[in-house]
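Taking it in order: structure first as structure tokens, then the write-up.
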Amino acid sequence: MTDFQNVIDKIHADLKDKVNRGLVASYIPELSNVDPHQFGLHLKHMDGRSFSTGVSQKAFSIQSISKVLTLAMALPLYSENIWKRVDVEPSGNPFNHLSLLELENGIPRNPLINAGALVVADILVSRLTNPKEEFLQYVRDLANDQTINYNYVVAESERLTGFNNFAAANLLKAYHNLENNVDDVLDFYFHQCSIEMNCEQLSNAFFMFANHGICTQGKHHLTHSRAKRINAIMLTCGFYDEAGEFAFEVGLPGKSGVGGGIVALLPHHFTITVWSPGLNPKGNSLLGMQALEQFTSETKLSIF
Ligand code: DON
């Protein structure tokens, strides 16, 4: 049996003092205050065991990782109609890229780039009575942790500087792919991105995707087929123009955020979350990618 504690402790020891650890995101001013030296991992296994190392209990901004959770909440509410409004192809472009959106008549390439996540946010704003409260409750239930919250300062910081997302939302609106006001959709989106969770909470929240769509807390199940599809989207689109590189180096479905978190999973086995705030030029955690590459190489546990 793999000694997961030993494996993640070794990864932590090997990488924790690396000098080249990327740059903390600064285009959302509030995120630039985070200490880049923090580094943590958490693994939750199907057999009930959990393993932690480093700074695994400190909450960080989940940012784009939230896009998987909004998609999981929207799918049962809007059903497969969602795929008429957002495609499932990798974009090969940065997360905030806009020109494809115009070329493809307002249908975003996939739900994990910003434009696609804005369409999913629009669906939740339409379908939920109190969208922000209900989405937060959904995340709390998935993680079985009622302490999880928005960071309103981060959400406001992004609203004040989120010109690219305003442009994306306006383009979507012009192509009749948003039902709600641009400001209402963006308000929801900036808040979903501002949610703070630690490595353990993220491993718990994503466990449903590794567990055939079944949330162990007994709430909010996904069908097996929808869990399969979301995992496929994470594999092909979870790292934007580095999705190929992540599949090549790591070989697991996963999702990154500019807060420096990465969640990855091996269906029917485990979820693993790593956090290191420094990003590589593509906006993915530099040490996080290296840690997961080392993990799948040493354990030989990947989908390939
Ligand atoms: O919309 C944005 O730019 C951020 N709220 C989220 C971007 C993000 O996390 C991309 N991930 N690597």
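Only the Cβ atoms of Lys and Arg (+1) and of Asp and Glu (-1) were treated as charged; on that basis the dipole of region 198-268 about its Cα centre amounts to roughly 460 debye. Between 36, 131, 281, the GNM of the chain built on Cα springs shorter than 10 angstrom shows 281 fluctuating the most.
Sum up the charges of everything whose Cβ sits under 15 Å from the Cβ of residue 30, counting Lys and Arg as +1 and Asp and Glu as -1, but leave residue 30 out. Charge balance in the 15 Å sphere: -3. Of all segments of the chain bounded by trypsin sites (Lys or Arg not before Pro) found in a DSSP loop with no more than 16 other C-beta atoms within 10 Å, the longest spans 59-218. Close amide H contacts of residue 95 (hydrogens built in the peptide plane, cut-off under 5 Å, sequence separation of 5 or more or a different chain): 241. Extension gain, residue 217-residue 176: 0.36 nm per intervening residue step, less the Cα-Cα distance, totals 11.0 nm. With a cut-off of 14 Å between beta carbons, the residues surrounding residue 9 carry a summed charge of -1, where Lys and Arg count +1 and Asp and Glu -1. Residues of region 194-229 falling in the label zone of residue 268, defined by backbone nitrogen less than 19 Å from a point 7 Å along Cα to beta-carbon, are 207-216, 222-229. Counting Lys and Arg as +1 and Asp and Glu as -1 over every other residue whose Cβ lies under 15 Å from the Cβ of residue 45, the net charge comes to -1. Taking the chain as a Gaussian network of alpha-carbon nodes connected by springs under 10 Å, the highest mean-square fluctuation of the residues 142, 124, 23 belongs to 23. Separation of region 1-62 and region 79-112, taken as the distance between their Cα centroids, equals 30 angstrom. If the chain linking residue 26 and residue 245 were pulled fully straight, counting 0.36 nm for each residue of separation and taking away their Cα-Cα distance, it would gain 76.5 nm.
Comparing 96, 204, 114, which has the greatest mean-square fluctuation in the GNM of the chain with Cα pairs linked when under 10 Å apart? The residue with the greatest mean-square fluctuation here is 96.
Once both labels are positioned 7 Å from their Cα atoms along Cα-to-Cβ, the gap between residue 147 and residue 303 label points is 3.3 nm. Put a dot 7 Å past the Cα of residue 77, heading toward its Cβ, do the same for residue 129, and the two dots end up 1.3 nm apart. If the chain linking residue 19 and residue 102 were pulled fully straight, counting 0.36 nm for each residue of separation and taking away their Cα-Cα distance, it would gain 25.8 nm. Scanning the chain for GluC sites (Glu not before Pro) lying in DSSP loops with no more than 15 further Cβ atoms inside 10 Å, the longest uninterrupted stretch between such sites is 180-304.
For region 218-227, backbone phi angles converted through the Karplus equation (6.51, -1.76, 1.60; θ = phi - 60°) give residue-by-residue couplings of x, 10, 6, 5, 9, 5, 4, 5, 5, 4 Hz, Gly and Pro being listed as x. Rounded to the nearest whole Hz, the Karplus-based 3J(HN,Hα) values (6.51 cos²θ - 1.76 cosθ + 1.60, θ = phi - 60°) of region 92-109 follow the sequence x, 10, x, 4, 10, 5, 10, 5, 4, 4, 6, 4, 9, 6, x, 9, x, 4, with x at glycine and proline.
Distance between the modelled labels on residue 89 and residue 163, one decimal in nanometres: 3.0 nm (7 Å Cα→Cβ projection).
Read-outs throughout are calculated quantities, based only on the coordinates presented, and are distinct from any laboratory measurement. Note that this is a predicted model, so its numbers are computed, not measured. Glycine gets a Cβ as well: all are built from the backbone with ideal geometry, and neighbour counts include every protein chain shown.
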